[in-house]
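Peer 1: Pasting in a structure now, in structure tokens, and then I'll have a few things to ask.
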Amino acid sequence: MAVLIFTVIFLLLMPLTMIICGAWFIKSPPDMDSGIGYRTSRSMSSPQAWVTAHRICGKYWLIFGIITLIGTLLCGGFAIFSLADTDDAIYNIILIVEGVQLFFLLLVLPITESRLKKLFH
């Protein structure tokens, strides 16, 4: 049971990171000269594109982070309370949750790039 609780806490790292970075990117994007940030050729084409890319990316990471946090808590609670005896089902839920989290994390990239292309092309 302790391993399952630790696993649920571990699964919360990606949504919490998305929420924290999303809020940070919206509020005050990092400097272009630093090694941190949404660094693509389109986002680094101008200071305006840099700030816009971080605001777009941050907004979606914040939204998707909240969605995946709620989903992870629901799936984690379901796994803890109803599947405590079946390890295979728990591992399958972990893989599915991680896959969904990764999908939402990476979905931000094409959204941000397409918005930058429309605004700065």
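Peer 1: Could you tell me whether residue 118 is in contact with a helix residue (DSSP H, G or I) (Cβ under 9 Å, 6 or more places away or on another chain) and either assigned to a helix (DSSP H, G or I) or within 19 Å of residue 11 (Cβ to Cβ) (or both)?
Peer 2: no
Peer 1: Please go through (1) modelled with pLDDT of 90 or more; (2) open to solvent by less than 60 Å² (accessible area, probe 1.4 Å); (3) not in a helix (DSSP H, G or I) for residue 32 and return the number of the only condition it doesn't satisfy.
Peer 2: (1)
Peer 1: Within segment 59-75, identify whether any single residue is within 20 Å of residue 32 (Cβ to Cβ), at pLDDT 95 or above and assigned to a helix (DSSP H, G or I), and answer yes or no.
Peer 2: yes
Peer 1: Let me ask something additional. Considering only residues that are over 19 Å from the mean Cα position of the chain (by Cα) and surrounded by fewer than 11 Cβ atoms within 10 Å (Cβ to Cβ), which ones fall in segment 83-121?
Peer 2: 85, 88, 117, 118, 121, listed by residue number.
Peer 1: Follow-up question, since we're still on this one. Here are some residues: 96, 63. Which one is out of contact with any Ser or Thr (no Cβ under 6 Å at 6 or more places or on another chain) and closer than 20 Å to residue 9 by Cβ?
Peer 2: From the options 96, 63, the qualifying one is 96.
For (1) more than 30 Å from residue 121 (Cα to Cα); (2) of a type outside the set (A, V, I, L, M); (3) open to solvent by less than 50 Å² (accessible area, probe 1.4 Å); (4) part of a loop (DSSP other than H, G, I, E, B), each residue gets a yes or a no:
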| site | (1), (2), (3), (4) |
| --- | --- |
| 3 | yes, no, no, no |
| 6 | yes, yes, no, no |
| 25 | no, yes, yes, no |
| 52 | no, yes, yes, no |
| 57 | no, yes, yes, no |
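Peer 1: Can you name every residue in segment 28-63 that is free of Cβ contacts under 8 Å to residues at least 12 places away in the same chain and of a type outside the set (A, V, I, L, M)?
Peer 2: Correct list: 28, 31, 33, 34, 35, 39, 41.
Peer 1: Quick check on my filter: what residues within segment 94-121 are aromatic (Phe, Trp, Tyr) and either in contact (Cβ under 8 Å) with a residue 12 or more places away in the chain or farther than 17 Å from residue 70 by Cβ (or both)?
Peer 2: Once the filter is applied, which keeps residues that are aromatic (Phe, Trp, Tyr) and either in contact (Cβ under 8 Å) with a residue 12 or more places away in the chain or farther than 17 Å from residue 70 by Cβ (or both), segment 94-121 yields 104, 120.
Peer 1: Looking at segment 69-82 only, could you name the residues that are of a type in the set (Ser, Thr, Tyr) and open to solvent by 10 Å² or more (accessible area, probe 1.4 Å)?
Peer 2: Selection gives 82 alone.
The values are calculated or read from the model by the stated rules, or taken from the named source; none is laboratory data. If you're wondering where the values come from, they're calculated on a predicted model, not measured in any experiment. Backbone-built Cβ (ideal geometry, glycine too); neighbour counts: all protein chains shown. In case anyone asks, the SASA skips ligands and DNA or RNA and just uses the protein heavy atoms, side chains included. Shrake-Rupley method; radii C 1.70, N 1.55, O 1.52, S 1.80 Å.
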